[in-house]
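Here's the structure, in structure tokens; my notes come after.
The values are calculated or read from the model by the stated rules, or taken from the named source; none is laboratory data. Since the structure is predicted, the reported quantities are computational estimates derived from the model, not experimental observations. Positions of Cβ are backbone-derived with ideal geometry, glycine not excepted, and every protein chain shown enters the neighbour counts. Just the protein is used for accessible areas: all its heavy atoms, side chains included, with ligands, DNA and RNA removed. Shrake-Rupley method; radii C 1.70, N 1.55, O 1.52, S 1.80 Å.
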Amino acid sequence: MELKSHYDYVIVGAGLFGATFARRATDAGYTCLVIERRNHIAGNVYTQLVDGINVHRYGAHIFHTSDRRVWDFVNSLIPFNRYTNCPVAQAPDGKLYNLPFNMNTFYQMWGTKTPAEAIARLEEQRNEAVAAMKADGITEPRNLREQALALIGRDIFRQLIEGYTEKQWGRPCESLPAFIIKRLPVRLTFDNNYFNDIYQGIPEGGYTRLVEQLLYGADMLLDTDFFDQREHWMSMCDKLVYTGPIDRYYGYRYGHLEYRTVRFETETLDTPNYQGNAVVNYTSADVPYTRIIEHKHFETFGRAVYDNPVTIISREYSTEWAPGMEPYYPVNDERNTQVYDQYRHLAEKEQNVIFGGRLARYRYYDMAPVIAEALEIPL
Ligand code: FAD
Ligand code: UDP
């Protein structure tokens, strides 16, 4: 590609933040050069077509939002399908349960058939947990275990929460913050939709097509790490948009930020339908992976599942991050928050650098808020 000698914006990272920013800036008449370290666009929402199936290469991504403006924006670029996330959990007792915790789950767990019956069982178990805490002089849940027991009781905690959470975070529930579990909805309706948002779906043809639309009209360089020629890229532009890890931008001067990472074991199976659902969680501590994703169910429904004789699955293993691995989940504990705040102070003083997205803001952002942020930031 023939590069220009100067750009209004050099954008580091072709993920959702960088690409959305590029779309806006290009539409407003600015010139953009996007540089991306990986050999493909789309960051962590990258999907790759394999055997007729769009594989979510960096983990399952379900778009959900209640922000009408963001939903209209993405749908103006590419149609979204009607996928609704309804994960199923395989528990240590060998049974399958619907998620999130709702009337179906309570029926499967206790045989309760009406909201009144379910409330009675929940109350009984909650009261037992609160009484046990009181006996120990505890008034407010101090950690995830106490929060979960007070919210949903021991049966669901043991079957659906304890093993999964300890695998996902690599720490016992007693040493995890309560807030992680607070956002899991408890529903007294027969509603298996995992999210509470108004809009939900997957882009038809995969997320990579969405990002292609976002990047249209911008110049693009793949396999290019910004830090290999930092001064060169800075000298080429009026403003830099940086979406990589913020600690790296500042040479780790206040130390490394920590992450959790995920290892994906992906395989093609000679069967049209392996598990009958896109997402099956394995909540037992004895199963080493947290969940299995079957990618075709994100985009084919009903009989159409059988049109393709093969299927592709990914087992997800949650592991501790070490430098050199892909940073996935920020660990928003006290130490990391303090380190991040020091970097944030430096970033706020920059005149010609915009920091955006999940890694530069060190925040566990879903896709829709990342797009919203990129749509709002002044050009
Ligand atoms: P990224 O996608 O990480 O993009 C940053 C880009 O910058 C990357 O391509 C990177 O290679 C590049 N880069 C970094 N450093 C450099 C450098 N030095 N030089 C050049 N390029 C560089 N959100 C949802 O809404 N729903 C979901 O179901 C969902 N599931 C998820 C599952 C997993 C396992 C993970 C990890 C995240 C999930 N998310 C989900 C969140 C979603 O992935 C993010 O909100 C979104 O991808 C963030 O986009 P971004 O542009 O900020 O970051
Ligand atoms: N969780 C659980 N059992 C499950 C699914 C989730 O206990 O089957 C808990 C777990 O502690 C997890 C939290 O709920 O960290 C949030 O899960 P969710 O899937 O919403 O978050 P994500 O992994 O997408 O960030």
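What separates the Cα centres of segment 215-264 and segment 156-182 is a distance of 33 Å. Atom-type composition of the exposed protein surface of segment 149-297 places 47 percent of the accessible area on carbon and sulfur (1.4 angstrom probe). Residue separation of residue 72 and residue 223 scaled by 0.36 nm, minus their Cα-Cα distance, works out to 51.2 nm of gained length. Secondary structure note: in the chain, about 60% of the DSSP beta bridges are antiparallel. Electrostatic bookkeeping for residue 33 treats Lys and Arg as +1 and Asp and Glu as -1; over the other residues with beta carbon under 12 Å from its beta carbon, the sum is -3. Each Lys and Arg Cβ is given +1 and each Asp and Glu Cβ -1; about its Cα centre, the chain then shows a dipole of about 500 debye.
Electrostatic bookkeeping for residue 256 treats Lys and Arg as +1 and Asp and Glu as -1; over the other residues with beta carbon under 10 Å from its beta carbon, the sum is -1.
Amide H to amide H distances under 5 Å link residue 11 with 33, 34, 35, 241, where only residues 5 or more positions off or on other chains count and H is placed in the peptide plane. Put the Cα centre of segment 43-78 next to the Cα centre of segment 285-352 and the gap is 14 Å. Indicate the gyration tensor shape class of segment 116-192 (rounded, prolate or oblate), computed on the Cα atoms with a ≥ b ≥ c the square roots of the eigenvalues: a/c under 1.5 is rounded; otherwise a/b larger than b/c is prolate and the rest oblate. Cα axes put segment 116-192 in the oblate bin. Sequentially through segment 80-89, phi angles give Karplus couplings (6.51, -1.76, 1.60; θ = phi - 60°) of 9, 8, 9, 4, 10, 6, 10, x, 10, 10 Hz, Gly and Pro residues having no value and appearing as x. When the charge dipole of segment 129-218 is built from unit charges on Cβ atoms (+1 for Lys and Arg, -1 for Asp and Glu) and taken about the Cα centre, the candidate among 152, 205, 137 whose Cα reaches farthest toward its positive end is 137. Of the residues 33, 48, 84, the one whose Cα sits farthest towards the positive end of the charge dipole of segment 18-106 is 33 (charges of +1 on Lys and Arg Cβ, -1 on Asp and Glu Cβ, taken about the Cα centre).
If the chain linking residue 40 and residue 2 were pulled fully straight, counting 0.36 nm for each residue of separation and taking away their Cα-Cα distance, it would gain 11.8 nm. The slack between residue 82 and residue 128, meaning 0.36 nm per residue of separation minus the straight C-alpha distance, is 12.4 nm. Modelled this way, with points 7 Å down the Cα-to-C-beta line, the labels at residue 231 and residue 267 are 5.1 nm from one another.
Its convex hull of Cα atoms gives segment 260-379 a direction-averaged projected area, equal to a quarter of the hull surface, of 11.1 nm². Per residue, the chain exposes 46 Å² of accessible surface when a 1.4 Å probe is rolled over the protein heavy atoms with every protein chain present. Note on the chain: Cα-Cα pairs beyond 35 Å make up 32% of the total pair count. Note on residue 6: accessible area is roughly 80 Å² with a 1.4 Å probe, heavy atoms of protein only. Separation of the alpha carbons by more than 31 angstrom is noted, of 113/296; 239/296; 95/167; 167/349; 4/296; 95/296, for 113/296; 239/296; 167/349; 4/296.
Here residue 377 and residue 154 are evaluated by their C-beta separation; at R0 = 56 Å the FRET efficiency comes out at 0.75. Under the criterion of Cα pairs below 8 Å and six or more residues apart, the relative contact order for segment 261-328 equals 48 percent. Counting Lys and Arg as +1 and Asp and Glu as -1 over every other residue whose Cβ lies under 10 Å from the Cβ of residue 60, the net charge comes to -1. Using just the C-alpha positions of segment 207-265 as equal point scatterers, what log10 of I(q)/I(0) does the Debye formula give at each q in 0.17, 0.24 1/Å? Results for segment 207-265 at q = 0.17, 0.24 Å⁻¹ read -0.89, -1.15. Most tightly packed first, judged by the mean number of other beta-carbon atoms within 10 Å of their residues, the peptides 265-274, 114-123, 31-40, 130-139 read 31-40, 114-123, 265-274, 130-139. Contact order, relative form, for the chain: 26 percent (alpha carbon pairs under 8 Å, 6 or more residues apart, mean separation divided by residue count).
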